[in-house]
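The values are calculated or read from the model by the stated rules, or taken from the named source; none is laboratory data. What you see is a predicted model; the values in this text were computed from it and never measured. Note that each Cβ is placed from the backbone with ideal geometry, even for glycine, and that neighbours are counted across all protein chains shown. Quick note on the areas: whole protein, heavy atoms, side chains included, nothing else; ligands and nucleic acids left out. Shrake-Rupley method; radii C 1.70, N 1.55, O 1.52, S 1.80 Å.
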Amino acid sequence: MGIGFIDLQAQYRAYKDEIDRAIQGVLDSSAYIMGPEVSALESELSTFVGVEHSIGCSSGTSALELVLRALGIKEGDEVITTPFTFFATAEMISIVGAKPVFVDIEPDTYNIDTSKIKEKITPKTKAIMAVSIFGQMPDIDNIANIAKEHGIKSIEDGAQSFGATLRGRKSCSIAEISTTSFFPAKPLGGYGDGGAIFTNDKELEDRCRVLLNHGQNQRYKHSLIGINGRLDAIQAAILRVKLKHFPEEIAKREEIAKRYDENLKNVVIPKIATDRTSVYAQYTLLVENREEFIKAASEKGIPTAIHYPIPLYRQEAYKFLNENPNEYDVCEEVSSKVVSIPFSPFLSIEDQEYIIESINSIS
Ligand SMILES: *Cc1c(COP(=O)(O)O)cnc(C)c1O
């Protein structure tokens with residue numbers, strides 16, 4: 001077997017007994033929707049992140065939609081975000097009827113350029129949705145302060161940064177409300193779709209809980225128009241096992257990233273700010289001739305992926321925004337050069353060394 005981009009098999013083998021038992025427990029209880037596994041996971045997530053309220057959701061995407069709806073963001077509103085992210089970030093802003101307003105990214109971290117946010121705030125701006133790209137937060141503290149000064153909301157899309165820190169505080173604990181994703185390939189992944197919302201605001205929590213269950217405040221009494229955004233009990237049971245092992249996995253991620261950082265030559269990597277830690281949702285390089293690099297890597301049996309080749313303002317679905325790519329110089333350059341290499345806490349030392357040696361020979 002060759003090297004995988006992410007080794008989900010090795011992770012399952014490592015926790016197999018515990019995971020099989022957790023799944024069997026849900027089957028034996030027949031409590032498939034909500035119930036004790038979901039509540040237990042929520043309380044463990046709150047402890048891990050350091051927030052008062054955690055809400056399990058059906059995906060990172062539904063978590064974003066629920067948060068925007070809970071904040072009352074709607075048609076005619078604007079939400080500031082980054083164009084260098086997975087599509088869902090802006091897609092959910094659009095789904096609730098609002099307009100995504102993009103701000104270029106920083107050349108060293110690829111996160112939203114905080115210094116350029118203020119100039120994009122208008123009377124229609126209702127929130128800033130910051131994304132923590134590749135596992136590292138932008139300065140969410142600063143972004144939350146900018147939001148407060150302007151009487152708008154701060155949201156962290158922490159789908160890639162669960163477990164990362166900013167000045168000792170965890171991702172998803174700093175903005176007014178935050179979301180993450182438990183998609184299998186994310187730092188904390190389930191075995192299917194899943195996500196969560198985090199906040200210290202009880203009223204917002206209540207609104208999210210009502211919205212994620214068809215707007216029901218009591219059985220068959222619907223106070224709001226909501227969605228089915230519930231987390232599966234089986235996913236919750238699996239995630240409880242994985243959350244227990246997650247701190248060790250984060251340490252392994254840091255160790256492997258350090259080995260890559262120190263040994264890869266001739267490539268540019270995003271800078272991790274000194275007051276932050278990353279969970280390396282991706283280990284990404286900037287290469288001058290991407291097509292050739294990918295071909296040469298593939299010939300050596302090294303799979304690669306591009307996160308993300310097309311900035312959101314260039315997506316066909318956003319043609320109607322009539323954006324001018326020249327306004328996003330950094331995003332234009334970064335999206336044309338990024339390439340991610342195999343990375344997972346279960347990557348063997350031999351594979352890491354083979355990857356380093358091969359990449360150094362082609363870059
Ligand atoms: C993965 C991802 C999402 C969507 O999460 P799903 O669980 O796949 O719906 C949203 N935002 C970002 C930044 C992501 O990386």
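Identify the GluC sites (Glu not before Pro) of the range 38-98 meeting these criteria: DSSP loop state and at most 15 other C-beta atoms within 10 Å of the C-beta.
Working: sites: 42, 44, 52, 65, 75, 78, 91; in loops: 52, 75.
Within the range 38-98, the qualifying GluC sites (Glu not before Pro) (loop, at most 15 other Cβ atoms within 10 Å) are 52, 75.
Among the trypsin sites (Lys or Arg not before Pro) within the range 240-298, which fall in a DSSP loop and have no more than 11 other Cβ atoms within 10 Å of their own Cβ? Please report the intermediate quantities before stating the final value.
Numbers: sites: 240, 242, 244, 252, 253, 258, 259, 265, 271, 276, 290, 295; in loops: 265, 271.
Passing both the DSSP loop test and the Cβ count: 265.
Accessible area of the chain with a 1.4 Å probe: how many percent of it is carbon plus sulfur? It would help to have the intermediate numbers written out before the result.
Values: 7900 of 15930 Å².
That share works out to 50 percent.
From the phi of every residue in the range 331-338, what ³J(HN,Hα) in whole Hz does the Karplus formula 6.51 cos²θ - 1.76 cosθ + 1.60 yield, where θ is phi - 60° and glycine or proline is x?
Each residue of the range 331-338 in turn: 4, 4, 5, 4, 5, 8, 10, 6 Hz.
Rounded, prolate or oblate: pick one for the range 1-158, where a ≥ b ≥ c are the square roots of the eigenvalues of its C-alpha gyration tensor, a/c under 1.5 means rounded, and failing that, prolate if a/b is larger than b/c, else oblate.
It is prolate, given that a/c is not under 1.5 and a/b is the larger ratio.
Quick check of the Kirkwood formula: for the range 13-92, what is the inverse mean of 1/r over all pairs of different Cα atoms, in Å? Before the final figure, lay out each step's value.
Numbers: mean 1/r = 0.0638 Å⁻¹.
Radius from the Kirkwood sum: 15.7 Å.
With viscosity set to 0.692 mPa s at 37 °C, what whole-number translational diffusion coefficient in µm²/s follows for the range 246-362 from Stokes-Einstein and a Kirkwood radius over Cα pairs? Please list the in-between numbers first.
Working: Rh = 15.7 Å.
The calculation lands on 209 µm²/s.
Quick check: net charge around residue 204, other residues with Cβ under 12 Å of its Cβ, Lys/Arg +1 and Asp/Glu -1? Numbers along the way, then the final one.
Values: positive: 69, 153, 202, 207, 209; negative: 52, 176, 201, 203, 205, 206.
Charge balance in the 12 Å sphere: -1.
Determine the relative contact order of the range 246-362: mean sequence separation of Cα pairs under 8 Å and six or more apart, normalised by residue count, in whole percent. Show your work: numbers first, answer last.
On the way: 112 pairs, mean separation 42.5, N = 117.
Taking the mean separation of contacting Cα pairs over the length of the range 246-362, I get 36 percent.
Using a Debye calculation, one point per C-alpha and no hydration shell, please list log10 I(q)/I(0) for the chain at q = 0.09, 0.10 Å⁻¹ in order.
-0.50, -0.62
Please list 341, 33, 234 from largest to smallest accessible area, probe radius 1.4 Å, with all protein chains kept in place. Can you show the working numbers first?
Working: 341 0, 33 95, 234 50 Å².
The ranking, largest first, comes out as 33, 234, 341.
Taking only protein heavy atoms and a 1.4 Å probe, what accessible area per residue, in Å², does the range 8-239 have with all protein chains in place?
On the way: 9080 Å² over 232 residues.
Spelled out: the 1.4 Å probe surface of the range 8-239, per residue, equals 39 Å².
Please list 3J(HN,Hα) in residue order for the range 22-30, calculated via the Karplus relation 6.51 cos²θ - 1.76 cosθ + 1.60 where θ = phi - 60°; whole Hz, with x for glycine and proline.
So the J values, rounded to whole Hz, are 5, 5, 4, x, 5, 4, 5, 7, 6.
Which entries of 16/242; 124/319; 99/319 show an alpha-carbon separation above 19 angstrom in the structure shown?
Numbers: 16/242 11 Å; 124/319 21 Å; 99/319 13 Å.
Correct reply: 124/319.
Which three extents, in angstrom, do the Cα atoms of the range 170-267 have along their principal axes, listed largest first?
60, 29, 24
Given the pairs 126/258; 74/258; 74/118, which are separated by over 32 angstrom at their Cα positions? Mind dumping the intermediate values first?
On the way: 126/258 39 Å; 74/258 43 Å; 74/118 21 Å.
Over 32 Å Cα-Cα: 126/258; 74/258.
Looking only at 105, 128, 302, which one moves most when the chain is put into a Gaussian network model with springs between Cα atoms under 10 Å?
Taking springs between Cα atoms under 10 Å, the residue moving most is 302.
With the crude spin-label approximation of a point 7 Å out along Cα→Cβ, what separation in nm comes out for residue 47 versus residue 361?
4.8
Going from the alpha-carbon gyration tensor of the range 126-199, what semi-axes, largest first and in whole Å, does one get by taking the root of 5 times each eigenvalue? Don't skip to the end; give the middle numbers.
Numbers: eigenvalues 101, 31, 15 Å².
Value: 22, 12, 9 Å, ordered largest first.
Give the cross-link partners of residue 337 among the aspartates and glutamates, using a straight C-alpha distance below 12 Å as the criterion and excluding same-chain residues fewer than 8 apart.
List returned: 288, 291, 292.
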